[in-house]
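The block underneath contains the structure these notes are about, expressed in structure tokens.
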Amino acid sequence: MPWFAGVKREEIKWYPTIDPEKCVSCGMCMNCGKKVFDWVDGKAKVARPFNCVVGCNTCANLCLGKAITFPSLSELREFYRKHRIWKKVKDELKKAGVIS
């Protein structure tokens, strides 16, 4: 079941941005399980932004140089509210028998 309940992932502006001035080339972001980053000229580059799991910010939390940022969580929550994603997901989970 898609967690966006019919909203295309590309419509959700949730993905990392890297400040190259702050990047210390620690490589922690390269552990991303969704392969969002590529390593280019000794630094990380966001190569596949829409592979990023919406709501995840593990790379930013672990970034040694604090070079990675995300949009504000309030913006994401507003998008979910506007598109009624929470209700749609809950309805889908009920239909699938995952919750009652």
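When we screen LYS88, LYS66 for residues that are exposed (fewer than 15 other Cβ atoms within 10 Å of the Cβ) and over 16 Å from GLU10 (Cβ atoms), the only hit is LYS66. Where residues in the stretch 1-20 are under 17 Å from CYS59 (Cα atoms) and assigned to a loop (DSSP other than H, G, I, E, B), which of them is farthest from the chain's Cα centre (by Cα)? That would be PRO20.
ALA60 satisfies every condition listed in (1) in contact with a helix residue (DSSP H, G or I) (Cβ under 9 Å, 6 or more places away or on another chain); (2) surrounded by 13 or more Cβ atoms within 10 Å (Cβ to Cβ); (3) part of a loop (DSSP other than H, G, I, E, B); (4) not aromatic (Phe, Trp, Tyr) except (3).
State yes or no: is CYS59 within 15 Å of the chain's Cα centre (by Cα) and touching a residue at least 40 places away in the same chain (Cβ under 8 Å)?
yes
The numbered conditions (1) open to solvent by 90 Å² or more (accessible area, probe 1.4 Å); (2) of a type in the set (Lys, Arg); (3) at pLDDT 95 or above are all true for LYS43 except (1).
The values are calculated or read from the model by the stated rules, or taken from the named source; none is laboratory data. Predicted, not measured: the structure shown is a model, and the values here were computed from it. Cβ coordinates were reconstructed from backbone atoms using ideal geometry, including for glycine residues, and neighbour counts include every protein chain displayed. Heads up: the accessible areas ignore ligands, DNA and RNA and are worked out on the full protein's heavy atoms, side chains in. Shrake-Rupley method; radii C 1.70, N 1.55, O 1.52, S 1.80 Å.
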